[in-house]
Amino acid sequence: MIKVFSVAEMVAAEKASDAAGNSYDEMMEKAGWAVAEALKKRFPVVGSKITILVGPGNNGGDGLVAGRYLAEAGADVTFYLFRDREPASDINFAKVQELNLPTIVAGYDQRYRVLRNRLRITDVLIDALLGTGVSRPIGGELAKLMQQMKAALEEQAGFVRKKSQSRLVSIAEVSDELNAQEPFPFLSDQDLEVASSQTTSRPYPFIVAVDCPSGLNCDTGQIDELAPIADLSVTFAGPKRGHFIFPGAAACGEIVVADIDISQDLPEVADVKLELATAGMASALLPDRRKDGHKGSFGWVLIAAGSARYWGAAALAGRAAYRAGAGLVALAVPAAIRPSLAVQLPEATYPLIADENELGAQSAQQLLEDMATYQALLVGPGLHRASAFIKRLLSPDGHNLPPTVVDADGLNILAELPDWPALLPDQSVLTPHPGEMARLMGISLAEMKSLDRVTLAQEKAAEWRCVLLLKGAYTVIAAPDGRSALLPFANPVLATAGSGDVLAGVIVSLLGQGLAAFEAAVLGGYLHGAAAELPGVTGGLLAAEIADWVPDVIEVLRGQRRPF
C-alpha cells in the first residue's frame, strides 16, 4: 500500500514516527541511503563526478547522507552548500568532513565561479536544496544560486550539442537531427511537452531530486521557473500530491518511493485516504479464472450504446469488455447499426431493439424486462441525444438495475435531469472527463479545472453516492466511503478517440465478474492505463488496439508473462 500525502499529512506522519521511536536522524539516514541506492541502480556511479546541492534544512541533510554513501561506492563527490553548516550540531555534515570530502559554501564562491566550473564537468547533479515545504516563489540569494545553476547547465548542454553535431548529414538517416533537439533541463514551454521522455542519454548531468525538484509546490503542482527538470525523484514514505499535478509533474521524471520505516499503522498514516494504484494492488484485485469455468462464470454484461451517428463507441466498449474477461457481452444498439456491429464483433449477442437510429423509451422498457439476465450494465457511449432512453431506464419504478457504469453521452444526459444522483442504482460508477464533470456540477470548465482534482472527486463521490472516476493525466477514483486512488499514468497514447469507451467496457466487464464498484473502477483504470504503456510508444495506437493489449497486461500482473 502506497499512500499519497499532502504536505501537512507528511509532516504529521514524520512527527508521529519520530515520537514512536523512528527519529528524524534515523529517517534522514534511511532517506539518504535510498537516494544513493536508487542512483546506483540507474547510473554507473564509480568514477562519476557527482555534485550535490545542499540546502539548509532536512532536505540538505538527506543530500549529505546520499553523498557519503556515493563516495563510499567510488564516486567523485563534491558538496555545494547554500549555507554553511556546523559539524558540532550537524552529525551528517560532521561525517562528510571526517571523510575529507570536498565542500564548497556559496557565500565564499565569488560570482559562483566554482559552481559553474564544477557543473561543467558534472555527470550527476543531486538537487537537495529545498524539500516539500515550498509554497512561494524562490527569491533572494537562493534564486541567484539557482539562476547560475541554470545558466551553467544550459551552457554545458549547448556546448556538448554543438560539439556533437556532424557536418555530414545523411538525408535518409534522421537520428542525428533528432538527437540535436533535446531541450534544456528547465521548464520552458518546450520542456513541459517533452520532460517525461528525458533519458540518461542526454548530454548534460543526470539530475536527481531529493523528495521533489526544488521549487515544486507539493500540494498544488505549481513550480518555480528556476526548478530543474529531474530525471529521477526519490521521495520518502509515499509520493506527494504535487508529484501528480501539472505543470510540476512534468519536472519529476521517474518517481521512486523509498521506505524510511514510517509505519502504516500510525493513525497519521492510516487516515490518509488517497492511495497510489500499483501493479501489486491491481494484481490482488484480479478476479479468479477457474479452469472449470464457463461463460456464465465470468459474467454476462449489457452495453446500451451507439446511435446512427456514433456506432463505433458500442463496438469499442464491447471489444474491451471481452478483452477484460467477460463471459458474454450483449450490445443493445439501434437497429440501423446492428448489422455492421455484428460483423465487427460477432462474439456479442444483440437484443432485437426496435428503435431505428437512436435508443428510446421503448428500448429501455424492453431491456428492463430482461435486466435480471445481466450482472452489470454500461450505458452511454455514443448514445447521442437519447434522453428518453435514459429517463425510462433510470426511472424509480421498482426495476432493479445491476451495478451500472454511466459514461460519455449517458453523463451528459444525466446532467440535464433534476436530482439525477437520486436516480443512480447501487454500485454505480461514473466516468467523466473534465468537460463532463463540469456539466454534472453545473459549472464552467474553467472553474472545474481550478479545483483540486482529488478533493473534488472525494467530495462529489460522497455527495452523489457513487464511485467517481475523474479522467485525466493521473486519473482519480473516489468512493462514497472516502476511499480514493490515483492511477500512475499520464500517457498521451490514451488521448485518442474511443479510449474512454474502452475504459468503460473494461470496468463493466470487471463488475460483471463480481468486483465491487470501487475495486472494478481502480482495476479497470489500471488495466486501461497499463495497456497503453506496454507497447512502448507515445502515440499512434488506436483505441481498439489499447483494448487488445488488456489481456497482455492481465498476464503480466498474474506473473505469467514478463513485461516487454
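The values are calculated or read from the model by the stated rules, or taken from the named source; none is laboratory data. The shown structure was predicted, so the numbers you read here are calculated from the model rather than taken from an experiment. Cβ: placed from backbone, ideal geometry, glycine included. Neighbour counts: every protein chain shown.
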Check: Restricted to region 330-372, and to residues that are among the charged types (D, E, K, R) and under 22 Å from PRO403 (Cα atoms), which residue is surrounded by the most Cβ atoms within 10 Å (Cβ to Cβ)?
Finding: ASP370
Checklist line | Subset of region 221-267 [free of Cβ contacts under 8 Å to residues at least 40 places away in the same chain, closer than 15 Å to VAL454 by Cβ and assigned to a loop (DSSP other than H, G, I, E, B)] | finding: GLY221
Next item on the list: For region 407-444, name all the residues that are at pLDDT 95 or above, of a type in the set (Asp, Glu) and touching a Leu at 6+ places or on another chain (Cβ under 9 Å).
Entry: ASP407, ASP409, GLU436
Next item on the list: Could you tell me which residue of region 461-480 is farthest from the chain's Cα centre (by Cα), considering only residues that are among the aliphatic types (A, V, I, L, M) and farther than 12 Å from GLY529 by Cβ?
Entry: ALA462
Next item on the list: Could you check how many residues of region 373-418 are assigned to a loop (DSSP other than H, G, I, E, B), surrounded by fewer than 24 Cβ atoms within 10 Å (Cβ to Cβ) and among the charged types (D, E, K, R)?
Entry: 3
Margin query: Take ALA279 and tell me if it is touching a residue at least 12 places away in the same chain (Cβ under 8 Å), in contact with a Phe, Trp or Tyr (Cβ under 6 Å, 6 or more places away or on another chain) and under 30 Å from GLU555 (Cβ atoms).
Written below: no
Notebook entry, point to check: Any idea how many residues of region 449-474 are in a loop (DSSP other than H, G, I, E, B) and polar (S, T, N, Q)?
Noted result: 1
Notebook entry, point to check: In region 515-552, which residues are more than 23 Å from ASP407 (Cα to Cα) and at pLDDT 95 or above?
Noted result: ASP552
Margin query: Tell me yes or no: at least one residue of region 430-443 is assigned to a strand (DSSP E or B) and crowded, with 19+ Cβ neighbours inside 10 Å.
Written below: yes
Next item on the list: Answer yes if at least one residue in region 51-59 is in contact (Cβ under 8 Å) with a residue 12 or more places away in the chain and more than 16 Å from CYS212 (Cα to Cα), and no otherwise.
Entry: yes
Next item on the list: Looking only at region 43-85, count how many residues are closer than 22 Å to LYS144 by Cα and β-branched (Val, Ile, Thr).
Entry: 5
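Residue-by-condition table, conditions (1) within 30 Å of SER6 (Cβ to Cβ); (2) without any contact (Cβ under 8 Å) to a residue 40 or more places away in the chain; (3) not assigned by TED's automatic domain parsing to the domain that holds ASN217:
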residue: PHE43; (1), (2), (3): no, no, no
residue: GLU72; (1), (2), (3): no, yes, no
residue: ASN92; (1), (2), (3): yes, no, no
residue: VAL96; (1), (2), (3): no, yes, no
Checklist line | Qualifying positions in region 480-500 - aliphatic (A, V, I, L, M) and in contact (Cβ under 8 Å) with a residue 40 or more places away in the chain | finding: ALA485, LEU486, LEU487, ALA490, VAL493, LEU494, ALA497
Margin query: For the structure I just gave you, tell me whether ALA326 is crowded, with 20+ Cβ neighbours inside 10 Å, part of a loop (DSSP other than H, G, I, E, B) and in the same structural domain as ILE390 (by TED's automatic domain parsing).
Written below: yes
Margin query: Test of understanding: among ALA330, ALA313, ALA320, which residue is touching a residue at least 40 places away in the same chain (Cβ under 8 Å) and farther than 18 Å from ALA408 by Cβ?
Written below: ALA330
Check: With ALA485, ALA490, ALA422 as the choices, which residue is surrounded by 22 or more Cβ atoms within 10 Å (Cβ to Cβ) and among the hydrophobic types (A, V, I, L, M, F, W, C)?
Finding: ALA485
Check: How many residues does region 32-65 hold that are among the hydroxyl-bearing types (Ser, Thr, Tyr) and in contact with a helix residue (DSSP H, G or I) (Cβ under 6 Å, 6 or more places away or on another chain)?
Finding: 1
Notebook entry, point to check: If you scan region 281-298, which residues turn out to be at pLDDT below 95 and of a type outside the set (A, V, I, L, M, F, W, C)?
Noted result: ASP288, ARG289, ARG290, LYS291, ASP292, GLY293, HIS294, LYS295, GLY296, SER297
Next item on the list: Determine whether region 352-363 contains at least one residue that is part of a loop (DSSP other than H, G, I, E, B) and touching a Phe, Trp or Tyr at 6+ places or on another chain (Cβ under 6 Å).
Entry: yes
